[in-house]
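Just so you know, all these numbers are worked out from the coordinates, no wet-lab data involved. It should be emphasised that the depicted structure is a prediction, and the values quoted were computed from it without experimental measurement. Quick reminder, even Gly has a Cβ in these numbers, built from the backbone with ideal geometry, and neighbours come from all protein chains shown.
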Ligand SMILES: [Mn+2]
C-alpha cells in the first residue's frame, strides 16, 4: 500500500502528499524553446504524462513520472524523435510492455526514428501518416487501453482525446472533434462541438510560456486539460469554468481592440501609448501586438492599477513601459533614470531591468518622456 502511494506521488496525483514530500528538481529544459517540459494527471485513474520529446530533459522527466511499478505503457500521438526512441528503449529494458499509436509517420527531422521504434516493438508499434488518420484517436478503440498502467501523450488536444478514448472516456461528437483538433485552420464553431470549440479557444487564456518559470504554463495547461476531461464526463462545474475563462478572455480582447481604436497616441517618435485609465480589463497580448504594428519601439500603457498607481505607491496612475522584443538590444530603459533617483513604488519609479520600467505621472512627465524624446529625436 505504501508503495502504491509512493508511486502515485511520483506522478503528482496526490496533491497534498506531492507537496509535502520533496521531489527531485526537474532537469534543465534543453528542448525546443517555448515548449512545455512535462505535466501529468490521472485520467480514469490511469496516470497520464504529457510531454514533447525534443531533449534529454524530456526523456528524464517522463521516465521519472511513469510509476516505477508500471508494466504496460501506451504512447499516443507522440511523434517519433531520437529522444522518444531512447525513452521507449529505457522502458523496454525495465521490462515494461510498450505500445505506440501515432500518426506522424514521415514527419519531423528524423523520420528514421519511427523505424527504430517499429523495430523495437514490432506489432505493438502502429505508426501511420496523417492522411490515414487525421486524428490520433482513430487508431484507438474506446476503452482499449483502460487496463494500462500509464499513458504518455502529446500535450495537445489530439493527444488528450486519444488518451481519453484509450481509457474509455467519450462524449457526443468526440470523434469529429478529434479529426479537427490537429488541423487548426479547420477549427470553428461550425466544425467542432460546443465543448471542442470552447476548448480550443481556452488555449488562448493560458499564460505565455516563461522559461524562468515553466511550471506556471505547465500547471495552467494541466488544469485546462483536467477541466476538459471532467466537462467531457458531464461535470457542469468544470464546463462552466472553461466557458467563463473563454468569455473573460474574449471580453479582454474586445476591450483591448477598443482601446487600440480609441485610446492610442504617439507621445514621441518610436513610442506608442494606450491610455487604459478607467477601462475594463483588457488583454495585454492584444494591446502589445496592436501597439507594435503601429510602429512602437517602446510600448506604454497608462493605467490605474499596479504597485505605483495603487498600494503601496498611492500615485493613482502608473505608466508601464516595455521595449519591443526586436529592439531590446538597442535600448536600455535604465539609462533614462537620473542618478540618485530612488526605485520604489512610493518614489513612483520601478526600474530594474533593461526592457521594463514603471513610473508615476510626475516621473513620466518630468524625466522619462523627455529622456525618450531626446533619445528618439532624429
Ligand atoms: Mn496529433
Calculated FRET efficiency for the pair residue 344/residue 56, C-beta based, R₀ 56 Å, to 0.05: 0.85
Of 340, 313, 143, the one that fluctuates the most in a GNM where the chain has Cα springs shorter than 10 Å: 340
Within region 264-376, percent of DSSP bridges classed antiparallel, to nearest 5: 75
Cα gyration tensor shape for region 79-233, rounded if a/c is under 1.5, else prolate or oblate: prolate
Equivalent ellipsoid, the chain (semi-axes from 5 times Cα gyration tensor eigenvalues, Å): 46, 23, 21
Shape category assigned to region 264-376 from the gyration tensor of Cα positions, a/c cut at 1.5: oblate
Projected label distance in nm at residue 68 and residue 210, using a 7 Å step from Cα toward the beta-carbon: 3.4
Rg(Cα) / (2.2 N^0.38 Å) computed for region 274-338, rounded to two decimals: 1.20
Potential extension, residue 183-residue 142 segment - 0.36 nm per residue separation minus Cα distance: 12.5 nm
Computed lengthening from residue 354 to residue 285, 0.36 nm per intervening residue step minus Cα-Cα distance: 22.8 nm
DSSP bridge orientation in the chain - percent antiparallel, rounded to nearest 5: 50
Computed [θ] at 222 nm, helices only, for the chain once each DSSP H run of length n ≥ 4 contributes -39500 (n - 2.57): -11500 deg cm²/dmol
Prolate/oblate/rounded call for region 117-181, Cα gyration tensor, a/c under 1.5 rounded: oblate
Candidates 278, 252, 168, ranked by Gaussian network fluctuation over the chain, Cα under 10 Å, top entry: 278
Highest average packing first - 38-50, 213-225, Cβ atoms within 10 Å: 38-50, 213-225
Relative contact order [Cα under 8 Å, 6+ residues apart], region 158-246, whole percent: 27
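Once you keep just the Cα pairs under 8 angstrom separated by 6 or more residues, what percentage relative contact order results for the chain?
Once divided by the residue count of the chain, the mean separation gives 10 percent.
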